Structure formats: C-alpha cells, structure tokens
Amino acid sequence: MTATPALYLPDRPGTPDAHPDRPDRPCVTELRLSAFAGHRQAVFPLGPLTLFTGPSGSGKSRALQAYEALARLGGGAELGEAFPAPAACVPERARPDAQRRRGFRIGCTADGPQGPVRLDLAVQAEPELRIVGERLTSGGLVLLETALRDPGRAAVQAAWHTAGSSPVTRAPLPDDRLGTALLPLRVAGKTDGQRRVLAAAEQMVVALRSVFACDPRPRRMRAPVPPGAGRLLPGCENLADVLWRTRAECVRRHALLTSAVGAGCAGGVVDLLAEPLGDGRIRALLDRGDGLRTPLELLGDGELRYVALALVLLTGPGVLEVDPVGEVPAALQTLTVLADGFDRCMDSRQTRELLRLAARMCERGHIRLVGAVSEAPRATEADDGVTVVDLSRDTRA
C-alpha cells in the first residue's frame with residue numbers, strides 16, 4: 001500500500017478525554033454495501049471473528065473485496081489500485097444517467113476512542129473511475145464532505161468541520177484518493193473542531209490500514225523457495241521461507257503452531273520446520289516424531305491451506321506482508337485478516353479446529369478475522385463470540 005502522511009495523535013486511553021467503554025484499538029465494526037455488485041442496502045455487523053456464509057453467488061467474496069478496497073484506500077492507494085475492475089462493482093441492473101455515468105456506493109463504521117465514526121463513499125465507475133462523494137461523520141456531525149462539482153476537473157470540492165471563525169473550510173481534493181486519508185496534510189488542528197476532524201480521520205485510517213487479505217494457493221506452496229525477507233505473502237507461496245525465520249524467533253508461538261498443525265493434519269506431528277536444499281532454496285517439512293519427515297509438498301490441498309491459515313492466525317504484522325500505521329504504537333492497532341474461502345478444500349474436522357484457533361486468537365484483541373465459508377453449519381461449530389452473516393437471506397438485489 002502507498003504510505004500515508006504522519007497522522008495526528010489524539011488523546012489516548014487514560015487521558016481525561018478517553019471513554020472507558022470504547023475500544024482502545026480502532027476497529028471496523030460495520031460494513032455497508034449500499035449499491036455494490038449484487039448487494040443493495042446491505043449492512044453487515046463485524047465482530048472480532050466474523051464469518052460470511054451462503055450459497056455460491058451470494059456475494060461472500062464481494063463483501064470481502066469491498067472491505068479490502070476500503071483498506072487500500074485508507075492506506076493511501078489510488079482508486080484504480082483499490083478497484084482494478086470497477087465495472088464489476090456496479091450493480092448489474094444499474095442504469096446509466098443522462099451522461100452515461102454508473103457507479104457504486106460502499107462504507108463502513110470504525111469504533112475506537114473517538115466513538116463510532118462513519119465513512120461513506122460514492123464511486124463513479126463509468127465512463128471513468130473517480131470518487132464523486134465522500135462523507136465522514138461522528139456523533140451525527142458531518143466532519144468531512146466532498147462532492148464532484150465540475151466533471152471536467154480531476155478534483156472534488158471538499159468541506160471539513162472547523163468550528164472556528166468559519167464553521168467549515170472548503171478546498172479541492174483529488175478525485176482518485178480517499179479524502180479522509182489526506183486530511184492530516186490539509187487540516188491544521190488549531191481549533192477544537194479541526195482536532196475532532198483529525199482524531200476521527202486517524203481512527204478510521206488506523207482501523208482500515210492493518211489488513212492482510214489471505215488466500216493460500218496450495219499449488220504454489222509446494223515448491224521450494226529462495227530465501228527472502230521472511231514476510232508471508234497473501235498467497236502463502238513463501239511459507240517455507242517464513243517458517244525458516246519464525247521457528248527461531250519465537251519458540252512459544254512455534255510450539256502453538258506445531259500443536260495446531262498436529263490437530264488438523266493426518267498422522268502425528270511433533271514439529272514443523274524448514275531446511276535449506278543444496279541449490280540454496282528452502283523447503284518446509286513435518287516432523288512425525290519417528291525419524292520420518294514429510295515435505296509439505298506431499299500434503300493435500302486442505303492440509304496446506306490449514307497450515308498456512310494457522311500460521312497467519314498465530315503471527316502478526318511483523319511477519320505478514322501488511323502495511324500498519326507506523327506513527328501509532330502497535331499496542332493500539334489491530335490486524336484484520338480477510339480470508340476468502342476460509343474452509344476451501346478442508347474437511348469438517350479441519351474447519352472446526354481452525355475456527356477454534358481463530359476464536360482463541362481473536363479473543364485476545366490483537367487480531368480480527370473476516371472470513372467466508374461455504375456452509376452455515378460449519379460456521380456455527382465455532383466457539384461463542386462468532387458473528388455469522390448469512391447471505392442466503394435478503395442482502396442482495
């Protein structure tokens with residue numbers, strides 16, 4: 001993701017302005033797809049562990065796609081990077097207006113020290129991709145609002161709350177980036193109103209930024225890999241390189257990973273390790289405890305996906321290829337894992353064990369999971385605290 005400018009740091013927990021009932025770590029608690037692909041007026045609650053379920057074509061992947069796009073925009077990415085195929089995001093039955101324009105609308109709510117903050121975004125996909133409207137609100141007060149006034153200019157007219165000698169400040173912002181992420185460059189923070197704008201914008205950006213969209217690719221995970229940075233890629237194809245690094249860095253976490261792998265893979269597992277080959281590449285193996293070591297390349301697709309997702313849940317931003325907010329302490333950030341096809345290729349036992357691991361890790365507060373599963377019964381087998389979003393109900397057009 002593209003780096004954002006330094007952020008304004010509002011009052012932290014323990015200061016007079018902090019609220020004891022609000023979460024210390026900003027997090028996204030609601031996803032809104034007002035008009036996005038097959039979704040119309042859909043509002044999805046998001047908890048520490050959220051599972052989207054429903055039949056094929058119900059929009060599970062689209063919901064996760066919208067979340068990932070908002071995360072990219074929160075990280076400062078351009079609109080085209082967040083929506084590489086914007087026409088596919090437009091509702092199928094949406095008709096163009098007199099200027100042949102079509103688009104989509106999405107949004108989210110981020111809770112944290114500032115209370116719930118809402119972000120709503122209107123995007124024009126045709127004839128050209130651009131943001132045509134954005135609104136950031138908190139406590140019923142509009143803190144930032146943008147609108148496309150002149151289609152001939154690559155800018156939107158923005159107005160943000162000031163509460164000084166003038167109630168609002170007006171200025172143009174680019175039409176290809178999220179205005180909320182740009183506010184630290186434009187707002188001075190001299191008045192109480194401006195400081196409120198900056199605090200709300202920071203909360204939204206922090207909640208969105210630390211996202212790891214993960215979809216393990218078993219076919220690519222089987223081949224030995226050259227040594228690298230030791231940061232897990234979204235497809236997990238460099239799993240062996242990451243194990244080479246993490247096994248020596250944290251013995252306790254590695255023991256938890258080994259235990260989790262043993263619960264989800266056939267046969268006994270006493271260790272999960274990596275070894276260098278003669279050509280300099282690294283391969284991963286399971287130690288069966290009887291002198292036999294099984295290369296991961298021999299495992300089935302379900303076992304490989306299980307191992308990769310277990311590793312993701314037991315690590316963090318320092319190991320995963322994510323872009324956290326550098327200006328905010330890690331203790332005040334939450335990593336959100338987006339896992340499309342969370343149960344793909346797995347049997348019911350593997351899915352159950354992985355959900356149990358996810359529930360334990362999400363309960364600690366430093367990680368959240370938003371996943372998509374194929375069947376509702378599998379989702380309900382997890383521990384208490386799982387938010388199940390059933391898309392077989394009335395969430396689509």
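Taking a point 7 Å from the Cα of Arg231 along the Cα-to-Cβ direction, the residues of region 298-320 with backbone N closer than 18 Å to it are 312-320.
What the Cα atoms of region 215-368 give is an Rg and a Dmax of 14.9, 48 Å.
Taking every alpha-carbon pair within region 140-223, the share separated by more than 18 Å comes to 53 percent. A convex hull fitted around the alpha carbon atoms of region 161-206 yields 65 Å³ per residue. Distance distribution note for region 32-182: the fraction of Cα pairs above 21 angstrom is 46%. Once the 1.4 Å probe is applied to the protein heavy atoms, region 152-257 comes out at 44 Å² accessible per residue. The mean of 1/r over all distinct Cα pairs in region 21-86, once inverted, gives the Kirkwood hydrodynamic radius of 13.3 Å.
Using +1 at the C-beta of Lys and Arg and -1 at the C-beta of Asp and Glu, which of Gly103, Leu119, Pro84 has the Cα lying farthest in the positive direction of the dipole of region 69-129? Projecting each Cα onto the dipole axis, the largest value belongs to Gly103.
Largest first, the extents of the alpha carbon coordinates of region 159-301 on the three principal axes equal 77, 29, 24 Å. Computed from label points 7 Å out along Cα-Cβ, the spacing between Ala94 and Arg217 is 2.9 nm. Per residue, the Cα convex hull of region 85-139 amounts to 94 Å³. Solvent-accessible area assigned to carbon and sulfur over region 283-323 amounts to 46 percent, based on a 1.4 Å probe. Maximal additional length on extending the Ala159-Glu126 stretch stands at 9.4 nm, based on 0.36 nm per residue less the C-alpha distance.
The calculated FRET efficiency for Arg22 paired with Asp279, based on their beta-carbon distance and R0 = 51 Å, is about 0.40.
Ranking Ala188, Thr246, Leu273 by how far each Cα lies toward the positive end of the dipole of region 149-297 (charges on Cβ) leaves Ala188 at the top.
Packing around the peptides 266-276, 335-345, taken as the average count of other Cβ atoms within 10 Å per residue, puts them in this order, highest first: 335-345, 266-276.
How big is the dipole moment of region 16-105 about its Cα centre under a simple scheme where the beta carbon of each Lys and Arg is +1, that of each Asp and Glu is -1, and everything else is neutral? Debye, nearest 20, please. Don't skip to the answer; put the middle values down first.
On the way: 13 positive and 9 negative charges, 117 e Å.
Dipole about the Cα centre, nearest 20: 560 debye.
The angle between the Cα long axis of helix 192-209 and the longest principal axis of the Cα atoms of the chain comes to about 30 degrees, rounded to the nearest 10. Shown for the chain is the translational diffusion coefficient from the Stokes-Einstein equation, using the Kirkwood radius over Cα pairs, a temperature of 4 °C and a viscosity of 1.567 mPa s: 58 µm²/s.
The values are calculated or read from the model by the stated rules, or taken from the named source; none is laboratory data. None of the values given here were measured: they were computed from a predicted structure. Please note: Cβ atoms are built from the backbone with ideal geometry, for glycine as well, and neighbour counts cover all protein chains shown. In case anyone asks, the SASA skips ligands and DNA or RNA and just uses the protein heavy atoms, side chains included. Shrake-Rupley method; radii C 1.70, N 1.55, O 1.52, S 1.80 Å.
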